[in-house]
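Trainee: Dropping the structure in here first, questions after.
The values are calculated or read from the model by the stated rules, or taken from the named source; none is laboratory data. Every value quoted in this text rests on a predicted model; they were computed, and no experiment measured them. Don't worry about glycine lacking a Cβ; one is built from the backbone with ideal geometry, like all the others, and counts go over all protein chains shown.
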Amino acid sequence: MELPTDWILDGLPVGVWVGAVPDGRLAYRNRRFAEILGMDAVSESRIGDVPATYRVFDRAGHVYPVERLPFSQVLATGQPVVVDDMVIERPDGTRTDLRASGTPVRNPAGEITHIIVAFVDISREARAEHERETIEARLRFAVDHAPIVIWAIDTDGVVTLSEGAGLAALGVRSGELVGQSLFELYKDHPEIPGYIRRGLAGEALVYTVQVGDAFYDTWLTPLREASGVMTGVLGLSNDVSEVRRLQAKVVQDDRVHAMGTLAASVAHEINNPLTYVLGGLSGLERGLQRLRELPGADDLVRAAALRLVEELAPVRRGVERIATVTRDLKTFSRPDDTRLEPVDLRGVVEAALKLARKEIEARARLHLALDDVPPVRGNEARLVQVVVNLVMNAAQSLKGDPTRDEVFLTTRREADVVFLEVADSGAGVAPTDRERIFEPFVTTKPIGEGTGLGLFVCRNVVRGLGGDVTVHDRPGGGALFRVTLPAATDASPETGAAVVSRVSTGRVIVVDDDPLVCATLVGQLEEGGFHTRGITDPRAAVAALLAGEPFDIAYCDLMMEGVTGMDIAAELEARAPDRARRLVFMTGGAFVPRAAAFMTAHPGRCVEKPFDVVAETRRRL
């Protein structure tokens, strides 16, 4: 039985539209046409009206060009065509993606009389393709921006895939390694070929490797065909260099913090005896001087006194050296404990050279190039310490031949940054050591000639001032240490708050639970002409300070057993604030957070042991 053509075409799951040549006048359409487009065919429409009549767009949302319609292309070429970028907007507002094919119909003479356009709904396929493209774009974005490398090799170790921003640390771009052998590329890193061979042997593994300055965490897995035959290895490498650097910094910071607590504690225990040792030395020196000047003293006595004074000189230098080391130790716990004010850097250099020039010029020729630079925000004494450390390091790194060895000291400015550079003509510093030398207790000097704190102290001091210290190669050979400091934005120095009333009676109370320290300070003050009372029991000190006994200054130890100087300050602030303002706090090292915070909050009311208590008192009265 012969089936009706219309019945067959209406049963197809494909929309069919037939247009007559040349203008596309409707010749036929099946039922599925209307179902897909959401409207029936418009018999009056011609091919030029189709985009508007049936609301045909491309996937970018533009009106579909008439010349790209299947009818138009078949008419122009005489060949069948397929397009799959058509979108129909239905009357109800929904959109349908179409794939349309155009086929010519010819008469016996071979002339095209009609064109059949068949189309199907590919909305689901289009959505899947769009999602795939979106995923690919996101993956490409991640690969191009995240610090990862996706790579693959064949069984010979030749790279077949090499993509990712993580390649930048190796100095290469995505795809650049394709075709190269990893065995050859990393022959100087035997651990890498070893891991690759394990992967090619069928093992999945995770490992970390360093290439140059970069660290990679790598996941590696074999690639196999469906039959199980090995075809290569796939790897995902994550550049964790920054993480490693942060971890190293955290470890270093933790180490320095722990050492800071220990160092401040040690400094505290040393500075208390240093106070009375230095005080005793000063007393001996004064006594010997009086003995030399005593009327009636014979030459033998004077000579003996002079000899004792000379023998005490190296003792004093040794004790003062200990005091210097303990001050350096304090930078572990309070590296930024400095009163900031505008400082003339040229003056700092001149002061440092007064201390170090003689030793420098005994070992090398000194070259100065000191440009005029603005004041820097800093602390003059600490900056002098930095410059002395750097120039002495430079001189001591040389062989000591002034005819050949040189030390260079320059200052310059760039924008709001001031540079101080100390260079030498020595062997320089190896790149691998340029951070290590700033670690505490690291020294290249012989045993007994250095504590390993000099550069650590320099960097801590300068960073506490908002700058930095770095080391570089000097053009022409040698090391160059560069100090950068922010220029001061104003020229008005910061001053500490007044801590005592400006009176001249000279009555002083000393509160310290170390009897020797207390007795030494009292003795020095009395010899200096002050009326002084010493108290070693902090609880008794609170009662005495509140009892109404007149005093101009009360020196109070910050860290005492039971009742601390901070506790005494709080008690006086609550009950006698006018007396609290006359307290000056002594410390041998604030090694607990509370004490460090207290000192930071009271910068003008703290002194560090050992100190010249007479000179300090005269300065404050």
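Trainee: When the residues of the stretch 560-575 are filtered to those that are at pLDDT 90 or above and acidic (Asp, Glu), which remaining residue is nearest to Met586 (Cα to Cα)?
Mentor: Within the stretch 560-575, the match that is nearest to Met586 (Cα to Cα) is Asp567.
Trainee: Here's something else I'd like to know. Within the stretch 374-386, is there a residue that is farther than 15 Å from Val462 by Cβ, assigned by TED's automatic domain parsing to the domain that holds Arg463, within 28 Å of the chain's Cα centre (by Cα) and modelled with pLDDT of 85 or more?
Mentor: In the first step, residues of the stretch 374-386 are kept if they are farther than 15 Å from Val462 by Cβ; the result is 374-375.
With assigned by TED's automatic domain parsing to the domain that holds Arg463 added as a condition, the list becomes 374-375.
Checking which are within 28 Å of the chain's Cα centre (by Cα) leaves us with 374-375.
Narrowing further to those that are modelled with pLDDT of 85 or more: 374-375.
Yes.
Trainee: Checking the structure you have, find out if any residue of the stretch 128-141 is crowded, with 17+ Cβ neighbours inside 10 Å and not hydroxyl-bearing (Ser, Thr, Tyr).
Mentor: The first filter runs over the stretch 128-141 and keeps only residues crowded, with 17+ Cβ neighbours inside 10 Å, leaving none.
No, the stretch 128-141 contains no residue that is crowded, with 17+ Cβ neighbours inside 10 Å and not hydroxyl-bearing (Ser, Thr, Tyr).
Trainee: In the stretch 95-122, how many are hydrophobic (A, V, I, L, M, F, W, C), assigned to a strand (DSSP E or B) and closer than 19 Å to Arg31 by Cα? If you could, list the steps in order and put the result at the bottom.
Mentor: Filtering the stretch 95-122 for residues hydrophobic (A, V, I, L, M, F, W, C) gives 98, 100, 105, 109, 112, 115-120, 122.
If we keep only those that are assigned to a strand (DSSP E or B) as well, we get 98, 100, 105, 112, 115-120.
Imposing the further condition that a residue be closer than 19 Å to Arg31 by Cα reduces the set to 98, 100, 115-120.
The number of residues fulfilling the criteria is 8.
Trainee: If you don't mind, there's one more thing I want to ask. Only one of Asp552, Asp557 is surrounded by fewer than 23 Cβ atoms within 10 Å (Cβ to Cβ), over 30 Å from Glu421 (Cβ atoms) and either among the aromatic types (Phe, Trp, Tyr) or modelled with pLDDT of 85 or more (or both). Can you tell me which?
Mentor: Working: Asp557 fails: surrounded by fewer than 23 Cβ atoms within 10 Å (Cβ to Cβ).
Sole residue among the options that is surrounded by fewer than 23 Cβ atoms within 10 Å (Cβ to Cβ), over 30 Å from Glu421 (Cβ atoms) and either among the aromatic types (Phe, Trp, Tyr) or modelled with pLDDT of 85 or more (or both): Asp552.
Trainee: Have a look at Leu69, Leu37 and point out the one that is more than 18 Å from Ala126 (Cβ to Cβ), in contact with a strand residue (DSSP E or B) (Cβ under 8 Å, 6 or more places away or on another chain) and not hydroxyl-bearing (Ser, Thr, Tyr). Break it down stepwise before answering.
Mentor: Working: Leu37 fails: more than 18 Å from Ala126 (Cβ to Cβ).
Leu69 is the lone residue from the list that is more than 18 Å from Ala126 (Cβ to Cβ), in contact with a strand residue (DSSP E or B) (Cβ under 8 Å, 6 or more places away or on another chain) and not hydroxyl-bearing (Ser, Thr, Tyr).
Trainee: Return only the number of the condition from (1) touching a Ser or Thr at 6+ places or on another chain (Cβ under 7 Å); (2) surrounded by fewer than 17 Cβ atoms within 10 Å (Cβ to Cβ) that Thr403 does not satisfy.
Mentor: Exception for Thr403: condition (1).
Trainee: Residues of the stretch 173-185 being polar (S, T, N, Q) and not in a loop (DSSP other than H, G, I, E, B), which ones? Steps first, please.
Mentor: Narrowing the stretch 173-185 to residues polar (S, T, N, Q): 174, 180-181.
If the condition is that a residue be polar (S, T, N, Q) and not in a loop (DSSP other than H, G, I, E, B), then Ser181 is the only one that fits.
Trainee: For residues that are out of contact with any helix residue (DSSP H, G or I) (no Cβ under 8 Å at 6 or more places or on another chain) and among the β-branched types (Val, Ile, Thr), scanning just the stretch 121-157, find the one that is nearest to Ser72 (Cα to Cα). Quick ask: steps written out before the conclusion?
Mentor: The initial filter retains those residues of the stretch 121-157 that are out of contact with any helix residue (DSSP H, G or I) (no Cβ under 8 Å at 6 or more places or on another chain), namely 122-142, 151-152, 154, 156.
Next cut, among the β-branched types (Val, Ile, Thr) only: 122, 134-135.
On the way: Ile122: 22, Thr134: 32, Ile135: 35 Å.
Residue satisfying both the conditions and the ranking: Ile122.
Trainee: If you check Val143 against the conditions, is it among the aliphatic types (A, V, I, L, M) and assigned to a helix (DSSP H, G or I)? Spell out the reasoning first.
Mentor: Working: among the aliphatic types (A, V, I, L, M): yes; assigned to a helix (DSSP H, G or I): yes.
In short, yes.
Trainee: Report, by residue number, each residue of the stretch 195-230 that is surrounded by fewer than 15 Cβ atoms within 10 Å (Cβ to Cβ) and touching a strand residue (DSSP E or B) at 6+ places or on another chain (Cβ under 9 Å).
Mentor: Just the residues of the stretch 195-230 that are surrounded by fewer than 15 Cβ atoms within 10 Å (Cβ to Cβ), to begin with: 197, 201-206, 208, 210, 212-213, 219, 224-229.
Result: Ala201, Gly202, Glu203, Ala204, Leu205, Val206, Thr208, Gln210, Trp219, Arg224, Glu225.
Trainee: Scanning the stretch 255-290 for residues that are modelled with pLDDT of 70 or more and hydrophobic (A, V, I, L, M, F, W, C), which turns out farthest from Asp612 (Cα to Cα)?
Mentor: Within the stretch 255-290, the match that is farthest from Asp612 (Cα to Cα) is Leu288.
Trainee: Also, I was wondering about something else. Of the residues Phe71, Phe57, Phe33, only one is touching a helix residue (DSSP H, G or I) at 6+ places or on another chain (Cβ under 7 Å) and within 21 Å of Thr96 (Cα to Cα); which? Explain how you work it out, then say what you get.
Mentor: Details: Phe57 fails: touching a helix residue (DSSP H, G or I) at 6+ places or on another chain (Cβ under 7 Å); Phe33 fails: touching a helix residue (DSSP H, G or I) at 6+ places or on another chain (Cβ under 7 Å).
Checking each option against the conditions leaves just Phe71.
Trainee: Need pairs with beta-carbon distance below 9 Å; first residue over 14 Å from Thr155 (Cβ atoms) and assigned to a strand (DSSP E or B) and within the stretch 186-208, second among the small types (Gly, Ala, Ser) and modelled with pLDDT of 90 or more; sequence gap 6+ or separate chains.
Mentor: Qualifying pairs under 9 Å: Leu205/Gly199.
Trainee: In addition: Name every residue in the stretch 54-105 that is surrounded by 14 or more Cβ atoms within 10 Å (Cβ to Cβ), among the polar types (S, T, N, Q) and under 60 Å from the mean Cα position of the chain (by Cα), in order of residue number.
Mentor: Residue satisfying the conditions is Thr96 alone.
Trainee: Here's a follow-up. Tell me whether the stretch 572-595 contains one or more residues that are within 21 Å of Ala323 (Cβ to Cβ) and in a helix (DSSP H, G or I). Break it down into steps so the answer makes sense when it comes.
Mentor: Let us first name the residues in the stretch 572-595 that are within 21 Å of Ala323 (Cβ to Cβ), namely 584-591, 595.
Now narrow it down to the ones that are in a helix (DSSP H, G or I): 595.
Yes.
Trainee: Please determine whether any residue of the stretch 291-308 is touching a Leu at 6+ places or on another chain (Cβ under 6 Å) and at pLDDT 70 or above. Please lay out each step first, then the result.
Mentor: Of all residues in the stretch 291-308, those touching a Leu at 6+ places or on another chain (Cβ under 6 Å) come to 305, 308.
Those still in the list that are at pLDDT 70 or above too: 305, 308.
Within the stretch 291-308, one or more residues are touching a Leu at 6+ places or on another chain (Cβ under 6 Å) and at pLDDT 70 or above.
Trainee: While we're looking at this one, here's another question. Failed condition for Val74, given (1) modelled with pLDDT of 95 or more; (2) within 19 Å of Ile122 (Cβ to Cβ), with all others met?
Mentor: For Val74, the exception is condition (2).
Trainee: On to the next question. Quick one: would you say Gly232 is out of contact with any Lys or Arg (no Cβ under 8 Å at 6 or more places or on another chain) and at pLDDT 85 or above? Quick ask: steps written out before the conclusion?
Mentor: Numbers: out of contact with any Lys or Arg (no Cβ under 8 Å at 6 or more places or on another chain): yes; at pLDDT 85 or above: yes.
The answer is yes for Gly232.
Trainee: I'd like to know if the stretch 92-100 contains one or more residues that are over 21 Å from Glu125 (Cβ atoms) and not basic (Lys, Arg).
Mentor: As a first pass, look at the stretch 92-100 and keep what is over 21 Å from Glu125 (Cβ atoms): 92-93.
Add one more test, that the residue is not basic (Lys, Arg), and what stays is 92-93.
Within the stretch 92-100 (the criterion being over 21 Å from Glu125 (Cβ atoms) and not basic (Lys, Arg)), the answer is yes, since at least one residue qualifies.
Trainee: Right, next: Please list, ordered by residue number, the strands (runs of 3 or more DSSP E) wholly in the stretch 348-442 having 3 or more residues that are within 30 Å of Gly212 (Cβ to Cβ).
Mentor: The qualifying strands (runs of 3 or more DSSP E) are 417-424.
Trainee: In this structure, does Gly164 turn out to be of a type outside the set (A, V, I, L, M, F, W, C) and loosely packed, with under 14 Cβ neighbours inside 10 Å?
Mentor: Numbers: of a type outside the set (A, V, I, L, M, F, W, C): yes; loosely packed, with under 14 Cβ neighbours inside 10 Å: no.
Here the answer is no, as Gly164 does not meet what is asked.
Trainee: Can you name the number of the only condition in (1) on the phi > 0 side of the Ramachandran plot; (2) in contact with a Phe, Trp or Tyr (Cβ under 9 Å, 6 or more places away or on another chain) that Gly400 fails?
Mentor: Only one criterion is unmet by Gly400, namely (2).
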